[in-house]
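Taken together, the values in this text are just the output of simple stated rules run on the coordinates, not laboratory data. Computed from a predicted structure; not experimentally measured. Positions of Cβ are generated from backbone atoms using ideal geometry, with glycine treated the same way; all protein chains shown enter the neighbour counts.
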Amino acid sequence: MTAPRPEVVFAGTNGGTLTEIAAYEAVGGFEALVKSRALSPDEVIAELNASNLRGRGGAFFPTGRKWSFVPKPDKIDKPHYLVINADESEPGTFKDREIMLRVPFRFLEGCLIAAHAIESQHVFVYIRGEYEAEFDVLESALEQMRAKDLLGEVTIVLHRGAGAYICGEETALLESLEGRRGQPRTKPPFPAIAGLYASPTAVNNVESITSATTVMEIGGAEYAKLGVENSTGTRVFSLSGNVVTGGNYELPHGFPLRDLINDLGGGIADGRSLKAVIPGGSSTVVLTADEANRVTLDFDSLVGAGTAIGSAAVIALDDRCCMVQLAVRVSQFYEHESCGKCTPCRVGTKWLTSILQKIEDGRGTQADMDLLVSVAERINGKCLCPLGDSDAIAVMSYFDKFRDEFQAHVDEGGCPFHGTSSLDHLLAPVAMHVHNEAVAHA
Amino acid sequence: MSDLVKVMIDDREVEVPKGTGLVETAASAGIEIPVFCYEPRLGAPIGACRMCLVEVEGLPKLQAGCTLTAQDGMVVKTAASSEKAAEGQNATLEFILVNHPLDCPVCDKGGECPLQDLTFRYGPGNTRMSFSKITLEKPIPVSPLIALDRERCILCYRCTRFSSDVAEDNQLVARNRGSHTEISTFESDPYRAPFSGNVIELCPVGALTSTQYRFEARPWEIQNVPTVCGLCPVGCNVNATVREGKVKRILSRNHPEVDGGWLCDKGRFTYPHLTAEDRITEPLVRGKLGLEPVGWDAALDRAEELLRGAGTRIVTALSGSESVEQAYALARLLRVGLGAHAAVLPESTSDALDAFRLPLSSIASAEIVVIVGDDEVADRAPVVDLWLRAARRNGAEIVHYGPTGTEQTGPGGAAAALHALTESGNGPGDRLRSAERAILIWSGGGGGGGARLAETAHALGLEGKPGSGAFHLPATPNGRGVAAAWAAAADEDESNPEPIGLLIVSGDEAAADPAVRVLAERAENVIAITMFHALAVGWADLVLPATSSLESDGTLLNLEGRLQRLRRTVIAPVPDELAWLSNLAGRFDVELSPHAVVVFDELSARAFGGVDGSELNGTASLPARTPYEAPVPAAEVRAAASAKPSDEHFLGELRLLRYRPLFSGPFVERVGELAFQRPTAELELSTEDATRRAIATGDSVVVRSNGTSIELRARINRGLIAGVARVADEHAADLHLHVEVVKL
């Protein structure tokens, strides 16, 4: 084995769960909260800044700085809100659900610490609607905390989403939480100034908040020793795709991607070979096998390779995967999840999918190849939120890095895999998570 | 000025106040940033359509120009100077057109369509889209007034934002998501709300069209004639779209101080009354077989005969919808020519309110608005309701004392509520006093036509504060103008002739008024000046056909005290009132011009401070405030008015509150498409009264009073004060003031 594997998020679980409050307290639970409440909000934020903890939802924005943007209560006469984004929906990502299932108290403790830091008494946890077990665990944990009067002045509300990827985008989440259509808002104003109910709001990811508990427990400086420069601490990587043992792996940032796949993941299944890796969820630029073997799992290394750490969802693709079919599947996802508010995303994702399907079906021409690029470019950077951009970026990366495969579809008048391609264990097709025939077209 | 900022747009420097929208900033430099979803009147920009993409120095991505405001030193490049921005704009237009049916030749919007115009200016010449366009069922009837073509819809969300953020009726929504998003009403119910028609004008494509206007005209064969709406005392500025001498459509003509560019459905959709089946197009006299047509010479001879026969024993019942010129002409003929001074005016009016004059748009920026009165504001002066909603969204406190108000008082409690405001320790009263921008509104009958309101406004010191003021919402469109014109015609006092030799009924509202009918029973003869046969039959000895406000030149005085110009948008099928009044006046040696402009000049010198009629063209301005003069005391406030009505009577009786719905009256009744907007035959009950009688919404109830008994459908109105049963006038039949309500 390569580097050491400190457990921070899942510390004390020994591979199991900490869903009973006594068990959590036995491993030092709620000490960070006590410590934090003894500090001023600014001191808590300073500790977070010292840790350089950065957002685990995908944008990698420094958590302490995000909190510091929330105005002090004497500056603005409105309630302050903490909203937790537990609407984990990025294809390939399944870390937050495990965190909520196994260490619910560490997560909720983090909520209370964050609420203290931004001087908020109102916490909303917006949890993905499909996460029923996770919801139950959180509800039970909250009940246990209330019984011990740990919440103080703070109210924590669990709010279940209704099944929209876009509600993982923070402003769409806030709209949905307010009871409106889940559609993104224009920014500015940013949620820190005018978020939930037009009031100052911090929106944080589950893993970020859970990590904040550890930061306060061990201290920012100590936390910063984990991982690498610019990417401190650990990260729960969701490994999936054509590997032998997929699952969540908590690793320090900077861990070699190759080792995650080959050592922890047991390598590529069925004796196949690695073709490509999607390193940070379906929205990120794909890496070829060569590129994947050279990068480490941290912000700088992945950005240097032209991609991003995103939500830390690592999807390994083996050599059976037809990249055009993958592109169809990914693009269908974004088309299906487009909220419909802005034009390029609403229209462009559908058009892009149609062009990709045409190429996959062997009806594509050289002009369609050009059109594909053009439509993707016309989506990218023109949308209201990152959803449409993500489709274009992902599809374009497949096209750029596997252009020959796309070309072969056009030249051969059909898929060069002749029906042997397999997307098994990759991203679930839209039709599998749709019960509405009207939208399950292909 | 310190808050001016300099912005560079396409290498042109422009100076604007900080915070000005970028679209407006660019426009001030003569540069167009094209938009679809952007419409400042709908609230904060949403940046949805992406048509306005611009490049902003220092920002890597293209920005939605509509969401930006001018900041000092900002450097912006539009599509005119930035290839990147142009590419963004082309991308947006290409995407918008991908599913648009391009059926412009058969689209009502064609020729006056922003999508067509912007495609012409910026769009691609061909399409790269080779897949089938989305096809959908169409047209969808959003209501009997509005048709929806979802294929044409570009999902700019203007209509849904109007519904949720301006009118706040929350009826138009978007459902489904992504490319399946569609505009709809909840469960496809008809869009039944007072302001629904505005979404037709807001739609930047032909997705929402008027069922009345569908396939009626092409934009190059129409004329838009600027006039004002003559159907309520707001006087919204409108354009009448005319094709081949027929009104085909009414559009808003934004007067920022009066209507903000909005129009109610009554103003927008009632124009078909002009061609109503029972429209009277020639004079009628009572003959052996009822009303028989006669020529105009004979009719005027008969009128002269009736007038001479009655002499001073003439009573004139006015509608309050006449132009000031018509009222003045009638008054000159009768008062000067015959010495017949007796008039039944539609309502009391008071000049005292002129000391508290301010534009209706000031309501939107008020800190506190207190409304008193029995009527819903939207029923009396619909657009005022939109100004009030804007005020509430801007943070104003809105208090309404009335049977359906936020502070519930019994019917007739307005004056008492006003009086209470002036007493020390009254919360809203204190805040009206202390606020810089405080507004009082009287919405209901009584109160001396605003006299009581003026007294209270004076007591609260509102005349000294430029952002504060008071509005009386009259029941008729031009009641005050008519009263002023009548008064200006002669100096003599009114006398009440008995018996009445001749009753002259001016206008359709007067003709439809039961009180006027009662008066007719005491008159030897009746002359009716009316548009519709049904209103003349059975009581008139002579019927002189009337014109509509859309057919005559003239002037109206609105509830703010603003004189506004009516224009003849089409030639009426009958002679103008002024023409035959002038003829008749000549027979009584009264000189009277048949031209409204000339009549106005004469009247203006007598009643309106000599204001020049030409100043009323375009968007008329509001005259300055006049010094406060205490109104002549009217009847004292009844103390009992504020008490709960159920206390006054034995248990079981309810006080009947009649109201005149917005969608009522002779014009509305003649437009089939508006039938769904009219109130159903229902009786509103408070939760308390309904519960006591075990009545649920939807139950049939019998309403009885003193020998009259009618059956209505019950509806629980949670906002209604206990002890009151509320019913639309047209469904109240002959019910008396107190009724018994029993579940059937």
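Nearest 20 debye, what's the magnitude of the dipole of the protein assembly as shown about its Cα centre given +1 on Lys and Arg Cβ and -1 on Asp and Glu Cβ?
For this selection, approximately 660 debye.
How much mean residue ellipticity at 222 nm does the protein assembly as shown get from its helices, if each DSSP H run of length 4 or more adds -39500 (n - 2.57) and you divide by all residues, to the nearest 500 deg cm²/dmol?
Working: 40 runs with 359 residues, N = 1186.
Calculated at 222 nm, the ellipticity per residue is -8500 deg cm²/dmol.
Can you pull the three principal axis extents for the Cα set of the protein assembly as shown, in Å, largest first?
Computed over the protein assembly as shown, the largest-to-smallest principal extents equal 119, 68, 67 Å.
Note down the magnitude of the dipole of the range A:323-433 about its Cα centre, charges +1 on Lys and Arg C-beta and -1 on Asp and Glu C-beta and zero elsewhere, to the nearest 20 debye.
In total the dipole reaches around 440 debye.
Does the range B:4-98 come out rounded, prolate or oblate by the C-alpha gyration tensor, with a ≥ b ≥ c the root eigenvalues, rounded set by a/c under 1.5 and, if not, prolate when a/b is larger than b/c and oblate if not?
Oblate, because a/c is 1.5 or more while a/b does not exceed b/c.
Would you order B:304, A:217 from fewest to most other beta-carbon atoms within 10 Å of each residue's own beta-carbon?
B:304, A:217
Pick out, in residue order, every one of the GluC sites (Glu not before Pro) in the range B:551-604 that is DSSP loop and has at most 15 other C-beta atoms within 10 Å; say none if there are none.
On the way: sites: B:551, B:560, B:577, B:591, B:602; in loops: B:551, B:560, B:591.
In loop regions of the range B:551-604 (DSSP not H, G, I, E or B), the sparsely surrounded GluC sites (Glu not before Pro) are B:591.
Which far-off residues, 5 or more places away or on another chain, put their amide H under 5 Å from the one on residue A:241, with H placed in the peptide plane?
The list, which skips near neighbours in sequence, is A:316.
Once amide H atoms are placed 1.01 Å from N in the peptide plane, what residues at a sequence separation of 5 or more from residue B:317, or on another chain, have their amide H within under 5 Å of its amide H?
B:344, B:504, B:505, B:506
Of the residues A:90, A:25, A:119, which exhibits the maximal mean-square fluctuation in a Gaussian network model of chain A defined by a 10 Å Cα contact cut-off?
A:25
Just name one of B:64, B:742, B:597: the one whose Cα is farthest towards the positive end of the charge dipole of chain B (beta-carbon charges, Lys/Arg +1, Asp/Glu -1).
So the residue furthest toward the plus end is B:64.
About the Cα centre of the range B:644-743, what is the dipole size in debye to 20, counting +1 per Lys and Arg Cβ and -1 per Asp and Glu Cβ, all else neutral? Intermediate results must be reported in sequence, preceding the final value.
Numbers: 14 positive and 15 negative charges, 36 e Å.
Taking the Cα centre of the range B:644-743 as origin, the dipole is about 180 debye.
Could you tell me whether the range A:1-52 comes out rounded, prolate or oblate from its Cα gyration tensor? Rule is a ≥ b ≥ c as square roots of the eigenvalues, rounded for a/c under 1.5, then prolate if a/b exceeds b/c, otherwise oblate. Let's see the in-between values first.
Working: a/c = 4.00, a/b = 1.30, b/c = 3.08.
It comes out oblate by the Cα gyration axes.
Just to check I understand the Karplus step: with θ = phi - 60° and J = 6.51 cos²θ - 1.76 cosθ + 1.60, what whole-Hz values come out for the range A:68-82, glycine and proline as x?
5, 6, 6, x, 5, x, 6, 8, 8, 8, 9, x, 9, 10, 10
Determine the relative contact order of the range B:130-274: mean sequence separation of Cα pairs under 8 Å and six or more apart, normalised by residue count, in whole percent. Numbers along the way, then the final one.
Values: 245 pairs, mean separation 26.9, N = 145.
Once normalised by length, the contact order is 19 percent.
Any chance you could give the angle, 0 to 90 degrees and rounded to 10, that helix A:132-147 forms with the longest Cα principal axis of chain A?
So the inclination is approximately 10 degrees.
Please enumerate, by chain and number, the aspartates and glutamates with C-alpha under 17 Å from the C-alpha of residue B:465, excluding those fewer than 8 residues away in the same chain.
B:354, B:367, B:430, B:436, B:455, B:560, B:629
Can you sort A:234, B:626 by how many other beta carbons sit within 10 Å, fewest first?
B:626, A:234
Give the total of Lys-Lys pairs in the range A:21-225 with Cα-Cα distances below 19 Å; include a pair only if its members are 8 or more places apart or on different chains.
Step by step, the pairs that qualify in the range A:21-225 add up to 4.
Of A:308, B:101, A:164, whose Cα points farthest to the positive end of the dipole of the protein assembly as shown (charges on the beta-carbon: +1 Lys, Arg; -1 Asp, Glu; origin at the Cα centre)?
A:308
Taking the alpha-carbon distance from residue B:18 and a cut-off under 18 Å, which lysines remain once sequence neighbours fewer than 8 residues away in the same chain are dropped?
Residue B:18 reaches B:6.
Cross-link candidates for residue B:743: which aspartates and glutamates have Cα within less than 18 Å, leaving aside residues fewer than 8 places away along the same chain?
Correct list for residue B:743: B:653, B:682, B:684, B:688, B:689, B:699, B:711.
Which residues' amide hydrogens lie under 5 Å from the amide hydrogen of residue A:81, considering only partners 5 or more residues apart or on another chain, with H built in the peptide plane?
For residue A:81, the qualifying residues are A:201, A:202.
Can you tell which of A:202, A:133, A:376 shows the greatest fluctuation in a Gaussian network model of chain A with Cα springs below 10 Å?
Ranking A:202, A:133, A:376 by mean-square fluctuation puts A:133 first.
For the range B:715-729, just list the computed ³J(HN,Hα) in residue order, Karplus coefficients 6.51, -1.76 and 1.60, θ = phi - 60°, integers in Hz, with x standing in for Gly and Pro.
9, 7, 10, 5, x, 9, 5, 5, x, 10, 10, 10, 8, 5, 2
Just the number: Rg to Rh for the range A:262-336, Cα atoms, Kirkwood Rh, two decimals.
Values: Rg = 12.5 Å, Rh = 12.9 Å.
Checking Rg against Rh, the ratio lands at 0.97.
Within 10 Å of each residue's Cβ, count the other Cβ atoms and sort A:282, B:582, B:132 from fewest upward.
B:132, B:582, A:282
Picking from A:39, A:260, A:372, which is most flexible by a Gaussian network model of chain A using Cα springs under 10 Å?
Result for chain A, Cα springs under 10 Å: A:39 fluctuates most.
Per-residue HN-Hα couplings for the range A:367-378, Karplus 6.51 cos²θ - 1.76 cosθ + 1.60 at θ = phi - 60°, whole Hz, x for Gly and Pro?
5, 5, 4, 5, 4, 4, 5, 5, 5, 4, 5, 6
Within 10 Å, count the other beta carbons around each residue, average over each peptide in A:185-194, B:377-386, and list them highest first.
Details: A:185-194: 17.8, B:377-386: 24.2.
The peptides rank, most packed first, as B:377-386, A:185-194.
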